[in-house]
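The values are calculated or read from the model by the stated rules, or taken from the named source; none is laboratory data. Computed from a predicted structure; not experimentally measured. Positions of Cβ are generated from backbone atoms using ideal geometry, with glycine treated the same way; all protein chains shown enter the neighbour counts.
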Amino acid sequence: MTPEKQERCFTILVIPHSEEATFSLRIPLFAVKFAVIIAVLIISGFGFLGYSYLMVSAEADQVEELRQINRAQKEEIDALAIETEKAMNQINELDQLIEEVTEKIDNVEILEDIESLQAKIKKNRTEPLFSGSPNPHNESTAAVYFNGPVPQPHTYSLDPRETQARLTGFTPLYESSANSNMVLGRAVDNIATMQSVIPEQLDTLDEVENYIGKIEAKLEQMEAKPSLWPARGRITSGFGTRSIPYSGGYQFHTGVDIAGSHGSYIRTAASGKVTFSGYRGSLGNLIIIDHGYGYETYYAHLSGFTVNKGDEVEKGQAIGYMGASGRTTGTHLHYEVHYKGSPVNPVRYMEEH
């Protein structure tokens, strides 16, 4: 056999240290090449796996970092959401206060200046409630209504629809998005929009509350004024000097006499507290009611009572019955109005039947 035709191979000769016979191992060349290729593939595979592991580990670190960033951003978004909710609540509170102010002003119908202020407010519902510029009419109105200047808070629109329109561009804070920075950006934009709407409005809360307090005090004072006719009938004797009907001579009549049917209801002219209910000399059966703010009313010559001392009564509530108790010439109600301890002409106050 020629050398060319002989199979190429590797021979491994094994020579033991003992006296045993040597032996050889013949490995064909193609098997060696195959083993080398397999070894290269294995080494390459392990190298690829190692590289992949390092890449995955790096990506895992990046993912964990992103998670921490996302948690921080979510906490910041939550804080912004709470701030937004607080700001919205403050806006709603301010709107309610403004509506309450205008409603109370609508209910105030005293003096020509107050009615003029009411008409101006109704006409300018979309204009600022108060203006920082001087206005002689407003100043005179304030002086009459509050005995002093009305507070001048920052400009604010009375129409809640305007405030709502300014907030319609809001984007939901937790809208789904692949980019958390965009969500955070929208939240920050929402807060910026809120801050552009409410900064001056929030400063007006204290002034508006004070304004409401003054209006409520004025309304309470108006409610204390005894404006209701206490009985059905006609006035037979007025306030002032008159002749004494049962003994001759003259006397100062401290009230008015209203003639009516015996046993008809006597009503309180305003809300208040009964401070006296009983018999008192020539006035007979008498009820005295304290209405506050210096007003008191007296109801005399009654035939009976429906209230007792210490009772709280509402305006128009029945408190007794018309009669002829005490010193009198017939059935009628003797009605007095006292202001700050002195009797005044009740007719000046008897506006409602």
TODO: Could you figure out which of (1) assigned to a strand (DSSP E or B); (2) outside the structural domain of GLY310 (by TED's automatic domain parsing) isn't true of LYS273?
DONE: (2)
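Go over the candidates ALA72, ALA39, ALA79 one by one and state the one that is at pLDDT 80 or above, closer than 30 Å to GLU209 by Cβ and in a helix (DSSP H, G or I).
ALA79
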TODO: Using the structure shown, decide if ARG242 is of a type outside the set (S, T, N, Q) and touching a residue at least 12 places away in the same chain (Cβ under 8 Å).
DONE: no
- [ ] Pick out the one residue from VAL337, VAL307 that is surrounded by 15 or more Cβ atoms within 10 Å (Cβ to Cβ) and either in a loop (DSSP other than H, G, I, E, B) or out of contact with any strand residue (DSSP E or B) (no Cβ under 7 Å at 6 or more places or on another chain) (or both).
- [x] VAL307
Task: For GLY248: the one exception among (1) assigned to a loop (DSSP other than H, G, I, E, B); (2) at negative phi - done: (2)
- [ ] Considering only the stretch 204-234, state which residues are hydroxyl-bearing (Ser, Thr, Tyr) and either part of a helix (DSSP H, G or I) or surrounded by 17 or more Cβ atoms within 10 Å (Cβ to Cβ) (or both).
- [x] THR204, TYR211
